[in-house]
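I have a structure here, written as structure tokens, and I will follow up with some questions on it.
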């Protein structure tokens, strides 16, 4: 690696801390989520890409990548959380249980009349806002979306096309969240935000539950490959809701045998990594513009609920420069031999990019050894978005932007 490149920083626990298994992610709740998603005409399990040749090249037993570019036609996984949270909000307004609801039920004329004046608001770099806008529009409701400064114009237009009133602010992500909260309080809108803080936990928990459909699918698909459990998972984190959902699901399923899990973040927005370094177990914040190509992970304040899952059940925390994500994008775009191709965006590719570097780079041998990555390892990654910014995707994949050597 060139000396001028920023270094990958990491922290590995001798053993996981352990803690209370997340009750809101138990099997009974997961079934409710999956049943609701199954009620949607657009629902279909996304593919689990198999990278067998790459695994052999790197000296691993197997690599599998959950490809979320196919989710609901939205090119990202976020619709899973937004649809479920909005459904739960509608159930609360209509005084019914989610077990008695379906997407078709909410589209009945007499029901749509009762919910048509509901307005949902959120802050997003793109994918979450598009998912909220899409769900709200399909239900005949309105949505308002605020984006942080530096957000992609292409992602803004995609949110508007999904039906939202959307704009790019001059705020960073966390301040855009605070703006959305302020507007919801002033106008009586329903805030659908994928991060939690004291006093705002119910809806983020519903969003986190919504993401578990992806985890549930991945385990079913691995079993079809004859794999009972992955030995390792690489999970990217922004606020930590996605990572917490995946790790919480697998922790509840496997208990003391939870897969070795590596939490991966951009080095300019590594609030989970910095939180893990702190000895008191409390979350830490990162400020500033957080100018990373991993826009979906450019978050400086952890979800207070899912942070506890990541703190207690993850094995390692890694802070990555942008070139790690860029490498992951190129590796998946150019598969070896008969491996499946995955079109992965910046935030979706950092996990696989890091895995390849850990296995190849001599300066990361210590991390490789501590994680126990070897010929018997079965690694699961999640490509959480496709080319949601096609122009930037081309700059990275075609033109070699953010080179790693």
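Does residue 88 qualify as being assigned by TED's automatic domain parsing to the domain that holds residue 196, at pLDDT 95 or above and crowded, with 17+ Cβ neighbours inside 10 Å?
In short, yes.
In contact (Cβ under 8 Å) with a residue 12 or more places away in the chain and out of contact with any strand residue (DSSP E or B) (no Cβ under 9 Å at 6 or more places or on another chain): which single residue out of 226, 238, 300 fits that description?
Among 226, 238, 300, only 300 is in contact (Cβ under 8 Å) with a residue 12 or more places away in the chain and out of contact with any strand residue (DSSP E or B) (no Cβ under 9 Å at 6 or more places or on another chain).
Within segment 259-280, can you find the residues that are out of contact with any strand residue (DSSP E or B) (no Cβ under 7 Å at 6 or more places or on another chain) and over 23 Å from residue 172 (Cα atoms)?
278, 279, 280
Considering only segment 70-104, how many residues are in a helix (DSSP H, G or I) and without any contact (Cβ under 8 Å) to a residue 24 or more places away in the chain?
Looking only at that region, the number is 4.
Going by the structure shown, is residue 45 touching a helix residue (DSSP H, G or I) at 6+ places or on another chain (Cβ under 6 Å), touching a residue at least 60 places away in the same chain (Cβ under 8 Å), in the same structural domain as residue 141 (by TED's automatic domain parsing) and surrounded by 15 or more Cβ atoms within 10 Å (Cβ to Cβ)?
For residue 45, the condition - touching a helix residue (DSSP H, G or I) at 6+ places or on another chain (Cβ under 6 Å), touching a residue at least 60 places away in the same chain (Cβ under 8 Å), in the same structural domain as residue 141 (by TED's automatic domain parsing) and surrounded by 15 or more Cβ atoms within 10 Å (Cβ to Cβ) - is not met.
Does residue 270 qualify as being under 22 Å from residue 241 (Cβ atoms) and surrounded by 24 or more Cβ atoms within 10 Å (Cβ to Cβ)?
Yes.
When segment 53-69 is examined, which residues are found to be surrounded by fewer than 17 Cβ atoms within 10 Å (Cβ to Cβ) and assigned to a helix (DSSP H, G or I)?
53, 56, 57
Quick check on my filter: what residues within segment 328-352 are in contact with a helix residue (DSSP H, G or I) (Cβ under 6 Å, 6 or more places away or on another chain), assigned to a loop (DSSP other than H, G, I, E, B) and closer than 16 Å to residue 53 by Cα?
Within segment 328-352, 336, 337, 339, 342 meet the criteria.
Separate question: Show the residue pairs that are 6+ apart or on different chains and have beta-carbon atoms under 6 Å apart, the first residue being within segment 263-290 and free of Cβ contacts under 8 Å to residues at least 12 places away in the same chain and not assigned by TED's automatic domain parsing to the domain that holds residue 246, the second being in a strand (DSSP E or B) and buried (at least 20 other Cβ atoms within 10 Å of the Cβ).
Every condition considered, no pair remains.
The values are calculated or read from the model by the stated rules, or taken from the named source; none is laboratory data. All values derive from a computational prediction rather than experimental measurement. In this analysis, Cβ positions are derived from the backbone assuming ideal geometry, glycine residues included, and neighbour counts consider all displayed protein chains.
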